[in-house]
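Trainee: So that we are looking at the same thing, I have put the structure below in structure tokens.
What follows is calculated from the coordinates using simple rules that are stated; it is not laboratory data. Model, not experiment: these values are computed from the prediction. Please note: Cβ atoms are built from the backbone with ideal geometry, for glycine as well, and neighbour counts cover all protein chains shown.
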Amino acid sequence: MATSDWDILISLLFLGGLYYLLRKTSAKFVFIIFLVLYVGRMILLKQHLYISADILGVLILIGGLGVIFIFNKEILKYFQKIGSTGNTKTKGLFNAFVPNTNSKHFTESIILEALQTLQNQQEGALIILNELDDAEAFCNGGTAIKADLSSELLVSIFQKTSPIHDGAVLISDKKIVKAGLILPLSKSSELNDKGTRHRAGAGITELCDCSVYVLSEENGKTSVFKNGKLVSD
């Protein structure tokens, strides 16, 4: 195998590993476009079509700068996780992309406890559990809370006497980040028999990697949305 062939193979292996790390984030689709452009440029270079290859190279460079601006919050959060990891640097590098399952289980237990209380009180709720993406970037409005997660606080937010009870609550890293958020509504025909809360819950999960818990005020049922789909009802 020629040196240039080894260069291409190693590059593709590196890009494949990068895709594996990004596969559960909203950056995945952008990365696929870059991968197609990169492979196309390699083919053009092999065919000695240097001008066309240079054009693709410029597109890749411009697109890369655009990605930095679009996903700046995710990139910043990634490096913050690396810096805050108390173990080895290598472990911190990969932990930045891997959800902390213990933290998630703790958060889910608090959410379910609050939903049970709200169900007994015949209240509704809309809760976003942030995962790999920054769900806040896809929401509008809201009131900053930035408080430690607790079932009591969640219950108080969704009381009818609360001015922010109609919006959604965003939870991230065991913190209640914001409340009273307005979410994009899903246009899926599968939700024709559902209300606004359910469409909002599905809508945000169509755009980013998060889970949404919807408690119906009418029937007291809790629905969970993920990737735009109803995964539990």
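Trainee: With label points built 7 Å along Cα→Cβ from the Cα atoms of residue 148 and residue 9, find their separation and express it in nm.
Mentor: The answer from the label model is 5.5 nm.
Trainee: Around residue 184, with a cut-off of 12 angstrom between Cβ atoms, what is the net charge of the other residues, counting Lys and Arg +1 and Asp and Glu -1? If you can, show how the numbers build up before the last one.
Mentor: On the way: positive: 187, 199; negative: 206.
Spelling it out: positives minus negatives among the neighbours equals +1.
Trainee: Determine, for each peptide in 189-200, 171-182, the mean count of other beta carbons within 10 angstrom over its residues, then list the peptides with the highest first.
Mentor: On the way: 189-200: 14.9, 171-182: 19.4.
Packing proxy ranking, top to bottom: 171-182, 189-200.
Trainee: Further question on the same structure: Sum up the charges of everything whose Cβ sits under 13 Å from the Cβ of residue 126, counting Lys and Arg as +1 and Asp and Glu as -1, but leave residue 126 out.
Mentor: +1
Trainee: Let me ask something else about it. Under 1.5 on a/c is rounded, so check that first for the range 146-233, then, if it is not, pick prolate when a/b is larger than b/c and oblate when it is not; a ≥ b ≥ c are the square roots of the alpha carbon gyration tensor eigenvalues. Display every interim value, and only then the final one.
Mentor: Details: a/c = 1.88, a/b = 1.42, b/c = 1.32.
Judged from the Cα gyration tensor, the range 146-233 comes out prolate (a/c at least 1.5, a/b above b/c).
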